[in-house]
Protein chains: 2
Amino acid sequence: MATASASVAPTPLLKDELDIVIPTIRNLDFLEQWRPFFQSYHLIIVQDGDPSKVIKVPEGFDYELYNRNDINKILGPKASCISFEDSACRCFGYMVSKKKYIYTIDDDCFVAKDPTGKEINALEQHIKNLLSPSSPFFFNTLYDPYREGADFVRGYPFSLREGVPTAVSHGLWLNIPDYDAPTQLVKPLERNTRYVDAVMTIPKGTLFPMCGMNLAFDRELIGPAMYFGLMGDGQPIGRYDDMWAGWCTKVICDHLGLGVKTGLPYIWHSKASNPFVNLKKEYKGIYWQEELIPFFQSVALPKDCTSVQKCYLELSKQVKAKLGKVDDYFNKLADAMITWIEAWDELNPSAAAAAVKLPNGSSK
Amino acid sequence: MATASASVAPTPLLKDELDIVIPTIRNLDFLEQWRPFFQSYHLIIVQDGDPSKVIKVPEGFDYELYNRNDINKILGPKASCISFEDSACRCFGYMVSKKKYIYTIDDDCFVAKDPTGKEINALEQHIKNLLSPSSPFFFNTLYDPYREGADFVRGYPFSLREGVPTAVSHGLWLNIPDYDAPTQLVKPLERNTRYVDAVMTIPKGTLFPMCGMNLAFDRELIGPAMYFGLMGDGQPIGRYDDMWAGWCTKVICDHLGLGVKTGLPYIWHSKASNPFVNLKKEYKGIYWQEELIPFFQSVALPKDCTSVQKCYLELSKQVKAKLGKVDDYFNKLADAMITWIEAWDELNPSAAAAAVKLPNGSSK
C-alpha cells in the first residue's frame with residue numbers, strides 16, 4: 001500500500017521518526033498544498049465511515065491507509081474502543097504508528113501564511129516546539145524562553161530554567177476559528193485574522209481546550225493518553241474527542257512533569273462545519289462539561305503512577321467512580337479507556353514494558 | 001504644586017479615575033514623548049534619593065511630587081516601610097493616590113511602535129485590559145476572549161465565560177528586555193524585537209515575574225498588595241521590589257478571584273541598566289528566590305481573609321514564620337508589610353472599612 005516518496009525539501013527534520021496521521025472521509029486533495037512540507041514523511045490515513053469507499057491519495061506520498069475493516073481485523077473485539085463515523089478514529093493511527101512523534105491534521109486545513117506572506121511550514125514549527133523544553137512551573141512573560149531572541153526574564157527562578165521535556169505541541173488556526181456550535185451560530189462571520197507570534201507553555205495545573213486539527217505530540221512520552229474517546233456513531237456526543245484527550249493528557253503531563261505548548265504554528269482552516277449539526281453533537285457535551293472540568297481540575301494521581309499507562313488506567317477508575325453518576329456514558333467510556341490501553345500495549349509491546357520515570361518533585 | 005493640564009486627545013479614558021505614578025531621580029524629559037497620551041492625566045512623581053535635587057517636569061503636565069522629606073512628613077515613623085534610593089519608593093505614590101486606577105512607568109521607557117509603525121498608546125491598552133474581565137480558571141488558546149475578533153474556543157466551559165474582574169495589567173517592553181544581571185552579562189546585545197499581538201490572563205495558581213516598568217492596576221481591588229518592599233539604601237537586595245509585589249499580588253488575586261493579565265501594551269525600553277551594579281543588587285535575591293517561589297506556590301490563605309488588607313497581613317505572618325529562617329531580612333520585611341498596611345489604611349480610611357467580598361468558589 002505504500003508508495004515511495006520522492007526527495008523534496010532539504011533534510012526535513014525527524015523524517016524517519018514522525019508519522020502524519022490524517023482521519024478522512026474523502027479524497028486527500030488537500031495534500032497537494034502540503035506536498036513541499038509533508039512529502040518526505042510517512043502518512044497514516046484512517047478512513048472514517050464506509051470502508052467500501054475508495055480514498056484517493058495524491059501521487060508520490062508514502063502512506064498506509066486503514067479503514068474500519070482493517071481496524072476490526074487488527075484489534076478484534078478491542079476495536080470497540082475506536083469511534084466510528086467520527087474523526088475520533090484518528091487515534092487508531094497513533095496506536096499503529098511505530099514512530100516517536102505524531103503530527104495530526106484535518107483534511108480541511110491548508111497552508112497558512114505569516115504576516116510577511118511566507119508560507120508556514122507547520123510541521124517544522126511543531127517539531128521545534130517538541131524538541132525544545134517546556135516551562136510549566138512558572139510563567140515567562142516574554143513567552144517561549146528557548147526561542148531565538150528570547151530568554152527567561154528577571155525574576156524567573158534559575159532552578160527552573162532547564163525546563164522539562166515537551167510532550168505536546170498544540171497549533172492554532174487562521175481563518176475559521178475552532179468555535180463551538182453556539183458561538184458559530186452567534187458569530188457566523190467571525191474569522192481569525194490575528195497572527196500571534198508566540199509559543200507558550202500551558203502552566204501546570206491549568207486545563208485547556210486541546211483541538212485535534214493541528215496537533216503534534218511525542219508518542220513515546222504521552223501516546224497512550226491520546227485516546228480520542230467514544231464519539232460519533234452510536235454515541236451520545238461528538239466533537240469532544242480531542243477535548244477529552246486534552247484533559248486526560250494535561251492531567252497526566254502535569255503529574256509526570258511533562259510540558260504542553262500552544263501557539264505557533266498556524267494552519268489555514270478552510271471551512272466551518274455545520275453549526276446545526278454540531279449543536280446536535282455537542283449539546284450533551286456542553287452540559288456534561290460543567291461536571292468534567294471540576295473533575296479534571298481535582299484529579300490527583302498517586303505517586304506509584306509512574307507511566308502514562310498506569311496514569312491512564314487510574315484515570316479510567318476515577319472516571320467510573322466520579323463521572324459514572326453524571327451519565328452511564330462515562331461508565332462505557334471508562335471501560336473503553338481500559339480497552340484502549342490493552343490494545344495499545346498489544347500493538348506496542350516494548351513501550352508497555354518501559355515505565356516512565358517520575359521526575360523529581362513533579363508529582364502533585 | 002499642580003499645574004493645570006491643557007486639553008489634548010479626544011476623550012481620554014478614565015481621565016479622572018487614574019493616576020500615573022513615576023519614580024525618578026532625574027528631570028522628566030521622557031514625558032515629552034508621552035505628552036499626547038499622558039497630558040490629560042494626573043501624575044504622581046515620587047522622587048528617589050537626594051530630596052534637595054530639583055526634578056524638572058515638562059510644562060503643561062498636572063502633577064504632584066513627593067520627595068523623601070514629604071514622605072517622612074506624611075507617614076512619620078511609618079515612612080520606614082518606604083524604600084530609599086530605589087525605585088521601590090514608587091509604591092508611596094499608590095498609597096497617596098485617591099484614584100481607582102494606577103499606571104506606573106519608568107522614566108527610561110518611551111513610546112513604542114506597533115508593526116504597522118503606529119505609535120502605541122500604552123495607557124489606553126492598559127485601561128482596556130483592566131476594564132475587560134480575566135479568565136484565570138481555564139486557558140483560552142486564542143488568547144484574550146474578550147478582544148474584538150476573538151472569543152472562547154470550543155471546549156471552554158460556558159460557566160466560566162463571564163470571567164472575573166481584572167486587577168492587574170502587566171505590559172511588556174520592546175528593545176531592552178527585562179533581564180536579570182547574569183542574563184544581561186551573557187547576552188549584552190540581545191534586544192526584544194518580537195511584537196506579540198496578545199493579551200492573556202495568567203492562570204490561577206501560576207506565579208509570574210511582575211515587572212514594574214509598565215504596569216497598571218485597579219487600586220480599589222488590589223492596591224494594598226502592591227507594596228514594593230524594602231530595597232535599596234540600607235537593604236541587602238535590590239531589583240526584587242516589583243517581583244515581591246507581583247508574587248504577593250498574584251497569590252492574593254488567586255485567593256480573591258481576581259484576574260492578572262499580561263501582554264500588550266509594549267513600551268520602548270531605552271537603555272539597559274548596568275549589569276555589574278545589578279548583579280550586586282540581585283545576587284542575594286537570586287539565591288533567596290529559590291526559597292521564595294516554593295513558599296509562594298504553597299501559600300494558602302484562610303477563608304476569612306476577605307479583603308486585600310486581611311490577606312496581606314496574613315501573608316506577612318507566613319513570611320515571618322517561614323522565610324524568617326532564610327534570612328533575618330524577611331523578619332524586617334514582614335514587619336514592614338504590616339507597617340505598609342497601617343499606613344495605607346491611615347491614608348485611605350474609607351477603603352480600609354470596606355471589606356472585599358470573596359467571590360463564590362474562589363478560595364483555594
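For the reader, a short list of remarks on this structure follows.
- Summarising the amide proton neighbourhood of A:THR166: residues at separation of 5 or more, or on other chains, whose placed amide H is nearer than 5 Å comprise A:SER134, A:GLY259.
- Across all directions, the average projected area of the convex hull around the alpha carbons of segment B:212-364 is 10.0 nm².
- Close amide-amide hydrogen proximity is noted between B:LEU65 and B:ILE45, each under 5 Å apart and 5 or more residues distant or on a separate chain (H modeled in the peptide plane; Pro and chain starts excluded).
- Under 18 Å from the Cα of B:LYS56 - aspartates and glutamates, other chains or at least 8 residues apart: B:ASP29, B:GLU32, B:ASP48, B:GLU64, B:ASP70, B:ASP106, B:ASP107, B:ASP108
- Two-decimal Rg to Rh for segment B:1-131 - Kirkwood Rh, Cα set: 0.97
- Our summary of shape: the Cα atoms of chain B have principal axis extents of 54, 51, 48 Å, ordered from largest down, in whole angstrom.
- Expressed as a whole percent, the proportion of Cα-Cα pairs in segment B:275-328 lying more than 12 Å apart is 70%.
- The ratio of the alpha-carbon radius of gyration of segment B:66-117 to the globular-protein estimate 2.2 N^0.38 Å is 1.52.
- Restricting attention to segment A:184-282, lysine pairs at least eight places apart or on different chains and with alpha-carbon atoms under 26 angstrom apart total 10.
- Short-range pairs are left out: with C-alpha atoms under 8 Å and at least six residues apart, the relative contact order of chain B is 18 percent.
- Amide hydrogen neighbours beyond the local backbone of B:ASN192, cut-off 5 Å, H modeled: B:ASN175, B:ILE176
- Between B:LYS284 and B:GLU162, the modelled label-to-label distance comes to 4.7 nm, taking each label 7 Å out from Cα in the direction of the beta carbon.
- Segment B:192-251 and segment A:219-286 have Cα centres separated by 35 Å.
- Build a GNM of chain B with springs between Cα atoms under 10 Å apart, and of B:PRO77, B:PRO209, B:PRO23 the one that fluctuates most is B:PRO77.
- Dimensions (Å) - segment B:251-302, Cα atoms, principal axes, largest first: 42, 31, 10
- log₁₀ of I(q)/I(0) at q = 0.17, 0.18, 0.23, 0.25 Å⁻¹ - segment A:183-230, Debye sum with one point per alpha carbon: -0.87, -0.94, -1.17, -1.21
- Evaluated with a Cβ-only charge set (Lys, Arg +1; Asp, Glu -1), chain B carries a dipole of roughly 660 debye about its Cα centre, given to the nearest 20.
- Across segment B:1-146, the mean sequence separation of Cα contacts (distance under 8 Å, 6 or more residues apart), normalised by length, yields a relative contact order of 29 percent.
- Gyration tensor (Cα) of segment B:86-160, equivalent ellipsoid semi-axes in angstrom: 30, 20, 11
- Placing a label point 7 Å from Cα along the Cα-to-Cβ axis, B:LYS56 is separated from the same position in the other copies by 7.8 nm, shortest listed first.
- For B:ARG161, inter-copy separations between label points set 7 Å beyond Cα along the Cβ vector come to 4.2 nm, shortest first.
- Computed [θ] at 222 nm, helices only, for chain A once each DSSP H run of length n ≥ 4 contributes -39500 (n - 2.57): -10000 deg cm²/dmol
- Low-density loop cleavage sites - trypsin sites (Lys or Arg not before Pro) in segment A:239-321, where at most 14 other Cβ are within 10 Å (DSSP): A:LYS271, A:LYS303
- Applied to segment B:278-293, the Karplus parametrisation 6.51 cos²θ - 1.76 cosθ + 1.60 on θ = phi - 60° returns per-residue 3J(HN,Hα) values of 4, 4, 4, 5, 8, 4, 5, x, 4, 6, 5, 4, 5, 8, 5, 5 Hz, with x for Gly and Pro.
- Inter-copy spacing of B:VAL277 label points, which lie 7 Å from Cα along Cα→Cβ, given in nm from shortest upward: 6.6
- Estimated Rh, the protein assembly as shown: Kirkwood, alpha-carbon pairs, angstrom: 27.2
- Percent of alpha-carbon pairs separated by more than 17 Å within segment B:147-189: 63
- Extension gain, A:LEU131 to A:ALA300, is 58.0 nm, computed as 0.36 nm per intervening residue step minus the present C-alpha separation.
- Mean shadow area of segment A:110-259, taken as a quarter of the surface of its Cα convex hull (nm²): 10.9
- The alpha carbons of segment B:124-209 occupy a box of 47, 27, 24 Å along the principal axes, longest dimension given first.
- Relative frequency of Cα-Cα separations exceeding 19 Å in segment B:65-193, percent: 68
- Amide N proximity, segment B:50-65 versus B:ASP29 label position 7 Å along Cα-to-Cβ, cut-off under 16 Å: B:54-59
- Nearby lysines by direct alpha-carbon distance to A:LYS99 (threshold 20 angstrom, same-chain neighbours under 8 apart not counted): A:LYS15, A:LYS128
- Karplus-derived HN-Hα couplings along segment A:253-259 (A = 6.51, B = -1.76, C = 1.60, θ = phi - 60°), whole Hz, x at Gly and Pro: 4, 4, 5, 8, x, 10, x
- Inverse of mean 1/r across different Cα pairs in segment B:187-280, Kirkwood, Å: 15.2
Where a number appears in this text, it was derived from the coordinates with a stated rule and is not lab data. In this text the structure is predicted, and so the values were computed from the model without any measurement. Don't worry about glycine lacking a Cβ; one is built from the backbone with ideal geometry, like all the others, and counts go over all protein chains shown.
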